[in-house]
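Here the structure comes first, spelled out in structure tokens, and everything after it is commentary.
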Amino acid sequence: MTPRLISLFRAGALLALALACSAARADRDALWHIIDTQCVPEALSGAAPAPCARVQLAPDRAHGWVLLKDRAGVLQYLLMPTERITGIESPLLEQPGATNYLAQAWRARDLLDQRNGTPLPRDVVSLTVNSIKRRSQDQLHIHISCVQPELRARLLAAQDEIGRQWAPLPGGWLRHAWFVRRVEAKTLDGVDPFVDVQAHMPGAADDMGLATIGVVGVQFADGADGFVLMAARFDPADPSSGTAEGDIQDHDCAIVRPPQQP
């Protein structure tokens, strides 16, 4: 290859890389475009809200949400607001009268039941929201998926150490520091984890965008239904931190769908 061809090849490679990076940045709005140009207009027209599985616009769009089957995972769904809310850092989540999106996401686990063919026990279902540093999309999206089997076992074993107030999970989880608290309730209607974490997790009030939130359904030893709320912060010194999705969820759902033997 001649020097001129080498130069042209390098220039072409750099241009392709620049275009790819630009496309990747633009793609951070991909979920919002699906909501705004497909699901909501289809629902308003009275048609099936494809590609979404469900659209809720009552009492109005500002308080509504959609449910979309994620491409990853056998059961995973995403719940997303129908208004523009970029993510966990948005002050709109803290406003009086704001929709409790995590409560609605917990209700939507019936979609997982339908795909699974049988109802899932509450202690295999989890909800997560990633920090601004570990997400790929700039529209709030709550992952509804299975909990990692090892985490479920860990939380059940540690339930006597998890109180009603936020406190560090002894020993952390996956080498990350997690704060946890116990909630005894069948639903999340009485607590909005976004507001709860912002008010009580150390550092969250200073920069909520660095926070990541998880909700794990549990049945406590005394038979009471409830949740373990989990929260952590992105640590610049640890690029693997700041993702509740990565630390808490298993999109292959091995907890209910063990790998088939060869």
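Quick notes on this structure:
- Estimated FRET transfer efficiency when R0 is 35 angstrom, pair ASP225-HIS200 (beta carbons, to 0.05): 0.95
- Dipole moment magnitude, nearest 20 debye, the range 65-248 about Cα centre, only Lys, Arg, Asp, Glu C-beta charged: 420 debye
- Stretch gain in nm, segment ARG122-GLU161, where the contour uses 0.36 nm per residue and the Cα spacing is subtracted: 12.0 nm
- Cα-based equivalent ellipsoid, the chain: semi-axes from gyration tensor eigenvalues, Å: 33, 24, 20
- Dipole-positive endmost among TRP166, TRP106, ALA47 within the chain (Cβ charges, Cα centre): ALA47
- 17 Å cut-off, amide nitrogen to a point 7 angstrom out along THR187 Cα→Cβ, residues in the range 100-127: 100-111, 122
- A Förster radius of 22 Å, combined with the Cβ-Cβ distance separating GLU94 from ASP60, puts the computed FRET efficiency at roughly 0.70.
- Net +/- balance of residues flanking ARG181 in space, Cβ distance below 10 Å, scoring K and R +1, D and E -1: +1
The numbers here are math on the coordinates, done by the rules we state, and not lab data. The shown structure was predicted, so the numbers you read here are calculated from the model rather than taken from an experiment. Because the Cβ atoms are built from the backbone with ideal geometry, glycine has one as well, and the counts that use them run over all protein chains shown.
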